[in-house]
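In what follows, a structure is listed as structure tokens, so that the remarks can point back to it.
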Protein chains: 2
Amino acid sequence: MGRRNLHTREQQRDMAIAAAELILVREGIDELSMRKVAQAIGYTVGNLYLLFQNQDDLLAALNERTADAIYLQLRDRIEALDDPRERLGAMARGYIEFATGNPNRWRLLFEHQLPEEMKPRPTADARIRRLFELVETTLGALEPKLKADALRMRATTFWGGIHGICSLAVSGKLSWGGRSSDYTLYCEEMISTFFGPPKSRRRS
Amino acid sequence: MGRRNLHTREQQRDMAIAAAELILVREGIDELSMRKVAQAIGYTVGNLYLLFQNQDDLLAALNERTADAIYLQLRDRIEALDDPRERLGAMARGYIEFATGNPNRWRLLFEHQLPEEMKPRPTADARIRRLFELVETTLGALEPKLKADALRMRATTFWGGIHGICSLAVSGKLSWGGRSSDYTLYCEEMISTFFGPPKSRRRS
DNA sequence: GGGCGGAACTGATCGGCGTCCATTTACGGG
DNA sequence: CCCGTAAATGGACGCCGATCAGTTCCGCCC
């Protein structure tokens, strides 16, 4: 076969990323190969390299989707909430739920190191920064007395802590320190430690 | 060549693990292959499979060494300290310093997922549990009023938070929330949040 | 409408990988 | 001295990421 023109370049890119995401979710990171992606979208391997620079380029594009998905999920969780304290809790819970509910996507985003030469990916970094700024803004509403530097520091530390819970939960290593697998409990403990006990304590 | 008897099985295992660690540190995870390890110790690839069940088995053995190294480093850091608060701080700083100083070894230990069928590795899990219990014991000395369950919970949450700082630092993603690359600052913030300001505040 | 330039896509190829196993080597007991 | 057997080899297999000369056919121009 030669020229087909069934899909535009952009359509093919989208198809490839979606197919890669499906393979990632269903079969795991190790099973995600360029050959499988190519076969899934009905093209050859060589053609994939006209759409992406290399495999890591495809993975980076996939990671952008994941970052968007997390951002949107957190945004949905907080849009009906007014209290900053509740917002931070909802965001933390949403983050952990995404990580434990989509471990492969989460791991690829945060634990797969891209080679050095691909570092300058402004769009990808911007997606994560947007996610982080959501935390920083909400935290700023809760503790308005903090200066910009202190606020950034506090937000980073807090979110790093939540991120650590996710990291251990996803890799199944939280159980090393006990038996409980309800990661939300650790999340609540982290929130309480940073921001004190919840305002309205439910009975029992 | 056939039978050589230059080294015992156990010696060959140790040589292979040491060689793998060297490659891991010098060249990174992606460059760590069975073929390179075999060549480094002067044997063939096939012989490696008489020493290890497969590549993940070798990596698991390597990870045990890393866990030991972290444990010993933390133990060294705290043996001259009496105050539990200072001990926790020293452990957290030691953990972060190990992670940022040995990123490849740290990543292999915590971010490389072994396949399901290798899950029952009692020795490996015990090494990590020993490390965690060091935290839990020290925390118990600082907050003796906590019951066992609450203590475990608090220790897990605290260490998860420190672990998250490490995770973001190692993957270079802490800078997403700012510019500071002094990970120890986040560490101090986390400690202060959990245990209050340091007892003896140095001037300035 | 016909032909042709070039875009679109293929598929064979390369080197490297993890894994396996039939074969070869040489040590040590008889 | 010789032979059984443990020790180690090396080549084979199927998969991987990546490359690129070659093939096909769309659409423009005359």
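For segment B:25-77, the set of residues classified as within 11 Å of DNA strand C (Cβ to nearest atom), of a type in the set (A, V, I, L, M) and away from chain A (no Cβ under 14 Å) consists of B:M34, B:V37, B:A38, B:V45, B:L48, B:L50, B:L58, listed by residue number.
Applying the criterion of being within 12 Å of B:L108 (Cα to Cα) and either exposed (fewer than 15 other Cβ atoms within 10 Å of the Cβ) or within 14 Å of DNA strand D (Cβ to nearest atom) (or both) to the residues of segment B:22-62, the residue that is modelled with the highest pLDDT is B:V25. Hey, does segment B:187-197 have a residue that's under 22 Å from the mean Cα position of the chain (by Cα), assigned by TED's automatic domain parsing to the domain that holds B:G89, open to solvent by 30 Å² or more (accessible area, probe 1.4 Å) and modelled with pLDDT of 90 or more? Yes, segment B:187-197 contains at least one residue that is under 22 Å from the mean Cα position of the chain (by Cα), assigned by TED's automatic domain parsing to the domain that holds B:G89, open to solvent by 30 Å² or more (accessible area, probe 1.4 Å) and modelled with pLDDT of 90 or more. Within the option set A:L88, A:L72, being within 12 Å of the chain's Cα centre (by Cα) and not acidic (D, E) holds for one residue only, A:L72. Taking each residue of segment A:1-21 that is open to solvent by 60 Å² or more (accessible area, probe 1.4 Å) and looking for partners that are more than 10 Å from DNA strand D (Cβ to nearest atom) and charged (D, E, K, R) with beta-carbon atoms closer than 9 Å, six or more apart or interchain, yields A:H7/A:D14. In the set A:L48, A:L114, A:L108, only one residue is touching a helix residue (DSSP H, G or I) at 6+ places or on another chain (Cβ under 7 Å), aliphatic (A, V, I, L, M) and part of a loop (DSSP other than H, G, I, E, B); that residue is A:L114.
Residue by residue through segment A:77-132, note down the ones that are of a type in the set (V, I, T) and open to solvent by 30 Å² or more (accessible area, probe 1.4 Å). Reasoning before the result, please.
So in segment A:77-132, the residues of a type in the set (V, I, T) come out as A:78, A:96, A:100, A:123, A:128.
Within segment A:77-132, A:T100, A:T123 qualify.
In segment B:133-147, the qualifying residues are those that are open to solvent by 10 Å² or more (accessible area, probe 1.4 Å) and facing chain A (nearest Cβ under 10 Å), and the one that is farthest from the chain's Cα centre (by Cα) is B:E136.
The values are calculated or read from the model by the stated rules, or taken from the named source; none is laboratory data. Treat the numbers as computed from the prediction; the structure is a model and nothing was measured. Positions of Cβ are backbone-derived with ideal geometry, glycine not excepted, and every protein chain shown enters the neighbour counts. Just the protein is used for accessible areas: all its heavy atoms, side chains included, with ligands, DNA and RNA removed. Shrake-Rupley method; radii C 1.70, N 1.55, O 1.52, S 1.80 Å.
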